[in-house]
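What follows is a set of notes on a single structure, which appears directly below.
Nothing in this text is a laboratory measurement; each read-out follows from the coordinates by a stated rule. None of the values given here were measured: they were computed from a predicted structure. Here the Cβ is made from the backbone with ideal geometry for all residues, glycine too, and neighbour counts use every protein chain on show.
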Amino acid sequence: MDTPSARLTSLDALRGMDMLIILGIDAMVYSIYPLFSGNELWQVARAQLGHAPWDGLRLYDCVFPLFVFIAGMSMCFSQLRQQDASPWKTWRKLWTRALILVFLGFFVNGNISWDMQHMRFASVLGLIGLSGALAGSFTLLCGGRIWSSLLFVVLLLGGVGISQYTGGDFTPGACFNAKVDALLCPGVLYGRSYDPEGPLCVISATALCLLGYCGGRLFLNIANPVLRALTMLAAGSISFALGQLIPLPIIKGIWTPTFVLCSAGISAMLMAVLHLLIDVAGLQKWCMPFRVVGLNALAAYLVVHIVNFHALAARLLGGTWGLFLSQEWQRVANATVALMLAWSFCWFLYRKRVFIKL
């Protein structure tokens, strides 16, 4: 547990916005959609809050990569605070955190049986931990220089792209990731023939984490806050444009280089806009509900996978909804209360000044 000192408010708010989608904003939109399915705005919202079937890019596809990008930025600021610490201590912290997240990923996936046939070993938390440790290790080796990090990103994404292009056909069953996962990833694979958190995806995520780290370096190196935000916005636009222009499909399931570049671009642009609004313009009150969640994102992620807030909301108020609401509106009310319960957990931790991080 830790009490945050001086922090970048916009970064916490962005992390909280991202986490709230997982906590229940997606479920709220899904529950409202049947009531307004003929409305074009709700059709777009429902489509964007669902994953692309295979190739393509939707807003929901960027939820997880945004966490990885934010982790890279946070790592940059963390290393600045720990610059007087010994390199061994920093390395140990990086890899200890990675191993803890890998183990927590096992816990989130289901029963920890160590059964190679029935247990899923790859996980969202494991990918965040391992990619962060790999990216952090490289930044320590290169002294945190932006151009060295960007060169390594090019090498990582170039290697992944060439391997995927020459070693498969970009279909779920015959893509290069599926071959690597079958060889190196034991147990259950999330996509049956491949895993979106498999070994090759960890390499792609390492590149994304390094791009987030470079974003953090931009924030540290540019003193003028407006110029800082505009530079971040321009860098994000370039990254997104490259992702669209490179002749490889954008596939979230196997973290193609184009997907990494597009998601990094969107992440950087969102960060730039929030930095302008919150840190530069000083409009901070409106983002407090998001910051409450962002300061305890790990705890929120774990609790939402342990506690079924939708079932809890139905148990508490399901009978009451039935007295005066139709079935369609009952689903909306239940999704709303479930989101409020999950947020209240984060608010309780915030009020108690409990901040859980690794």
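Volume of the convex hull of region 139-211 (Cα atoms only), normalised per residue: 89 Å³. In the frame of its principal axes, the chain has Cα extents of 64, 49, 43 Å, reported largest first. Taking other C-beta atoms within 10 angstrom as a stand-in for reagent exposure, 69, 103, 345 fall in the order 103, 345, 69, fewest first. In order along region 103-112, the phi-based Karplus estimate (6.51 cos²θ - 1.76 cosθ + 1.60, θ = phi - 60°) of 3J(HN,Hα) comes to 5, 5, x, 4, 5, 5, 4, x, 5, 8 Hz; Gly and Pro are listed as x. Of 116, 73, 269, the residue with the greatest mean-square motion in the GNM of the chain, using alpha carbon springs below 10 Å, is 116. Between amide H atoms placed 1.01 Å from N, distances below 5 Å from residue 175 occur with 169, 170, all of them 5 or more places distant or on a separate chain. Comparing 104, 341, 317 in a Gaussian network model of the chain where C-alpha atoms under 10 Å apart are linked, the largest mean-square fluctuation is found at 317. Of all the options 289, 257, 87, the one that moves most in a Gaussian network model of the chain with Cα springs shorter than 10 angstrom is 87.
Here the Karplus curve 6.51 cos²θ - 1.76 cosθ + 1.60, taken at θ = phi - 60°, turns the phi angles of region 194-199 into couplings of 8, 10, x, 10, x, x Hz, with x standing for Gly and Pro. Counted over all Cα-Cα pairs of region 175-218, pairs farther apart than 12 Å make up 59 percent.
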